[in-house]
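Notes follow once the structure below has been shown.
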Amino acid sequence: MNHNTLSRAGFYIALYGVVAILLWIGFFKYHPDEAAAIQGIVASSPLMSWLYSIASVNQVSAAIGTAEIVVGLLVAAYPISKKAGLVGGALASVIFLTTSTFLLTTPGVLHVSSLSGDTLAFPSLFGGFLAKDLVLLGASLAITGASWKAVSEEASAKHDHLIAESA
């Protein structure tokens, strides 16, 4: 196996890992238990708390789930449409950037201990769960970059072909 094969395998594992998580979590958002579970996180977020002023807890959860599913499908389309991959990757980046801010806005994400006399802050179990979104953000940015490059190369090739035909 050479480095190109390894890089390509890693890219597709990351891409379909993002797809699987977006679809799985997106579909789960339609369940009332998940709607209740995310209520505190969303309500604590300055970016998202306003949603509860215009919709119910279940409606907000379903809307978030719908967005996650649509974005997951766009990312999944990367092999057949680099433009869909670009849009999906960019939107996935926005989703995971937003959820990464929950690390800063959600109460209980960090535990503070000073048993030894030194203060130490470490992530709670929930904080550790949210920290995975930083990796998903990185994967989404890589998908966006690869898609952007492919779309740009396709446009450049079309442009060159048109110029060659007109000459």
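Take the alpha carbon atoms of segment 81-113, find their center, do the same for segment 1-69, and report the distance between the two centers in whole angstrom.
9
At a 1.4 Å probe radius, which order do VAL75, VAL112 fall into by accessible area, largest first?
VAL112, VAL75
Could you tell me the accessible area of SER7 in Å² (1.4 Å probe, neighbours in place), rounded to the nearest ten?
70
Just to be sure I understand the rule: take each whole DSSP H helix in the chain, project its Cα atoms onto its long axis, keep it if the span is 20 Å or more and its mean Kyte-Doolittle hydropathy is at least -1.0. Which ones pass? Walk me through the intermediate numbers first.
Details: long enough: 3-28 (37 Å, 1.29); 57-76 (28 Å, 1.60); 82-105 (34 Å, 1.23); 125-166 (63 Å, 0.50).
Flagged H segments are 3-28, 57-76, 82-105, 125-166.
If amide H atoms are built 1.01 Å from N in the plane of the peptide, which residues on other chains or at least 5 residues away come under 5 Å of the amide H of LEU110?
SER124
Charges only on Cβ, +1 for Lys and Arg, -1 for Asp and Glu: so what's the dipole of the chain about the Cα centre, in debye to the nearest 20?
140
Take the Cα of TYR12, step 7 Å along the line toward its Cβ, and report every residue of segment 59-91 whose backbone nitrogen sits under 16 Å from that point.
Taking a point 7 Å out along Cα→Cβ of TYR12, the residues of segment 59-91 whose backbone N falls under 16 Å are 76-82.
For every helix of n ≥ 4 consecutive DSSP H residues, a contribution of -39,500 (n - 2.57) applies; sum these over the chain, divide by its total residues, and give [θ] at 222 nm rounded to the nearest 500 deg cm²/dmol.
-26500 deg cm²/dmol
Going by amide H atoms built from the backbone, whose H comes under 5 Å of the H on TYR78, apart from near neighbours?
Excluding prolines and chain starts, which carry no amide H, the hits are GLY85.
Give the accessible surface of segment 10-167 per residue, rounded to a whole number of Å², with probe radius 1.4 Å and ligands, DNA and RNA excluded.
Dividing the accessible area of segment 10-167 by its residue count gives 57 Å².
At a Förster radius of 25 Å, what calculated FRET efficiency corresponds to the Cβ-Cβ distance of HIS111 and TRP24, to the nearest 0.05?
0.35
Leaving out ligands, DNA and RNA, what percent of the accessible area of segment 49-114 is carbon and sulfur, probe 1.4 Å? Before the final figure, lay out the partial values.
Numbers: 2370 of 3260 Å².
The value for segment 49-114 is 73 percent carbon and sulfur by accessible area.
Please give me the summed charge of the neighbours of ALA14: other residues whose Cβ is under 15 Å from its Cβ, Lys and Arg +1, Asp and Glu -1.
Net charge in that neighbourhood comes out at +1.
With the Cα gyration tensor of segment 35-129 in hand, give its eigenvalues times 5 under a square root as the equivalent ellipsoid semi-axes, listed largest first in whole angstrom.
Each semi-axis is the square root of five times an eigenvalue, giving 32, 19, 10 Å.
Run through all the Cα pairs of the chain and give the fraction in each 5 Å bin from 0, expressed as whole percent.
Whole-percent P(r) values from 0 Å outward: 1, 9, 13, 16, 16, 13, 10, 8, 6, 4, 2, 1, 1, 0, 0, 0.
The values are calculated or read from the model by the stated rules, or taken from the named source; none is laboratory data. Owing to the predicted nature of the structure, the values given are computational and were not obtained by experimental measurement. When we count neighbours, we look across all protein chains shown, and the Cβ atoms used for this are built from the backbone with ideal geometry, even at glycine. Accessible surface is based on the protein model in full, side chains and every heavy atom, while ligands, DNA and RNA are left aside. Shrake-Rupley method; radii C 1.70, N 1.55, O 1.52, S 1.80 Å.
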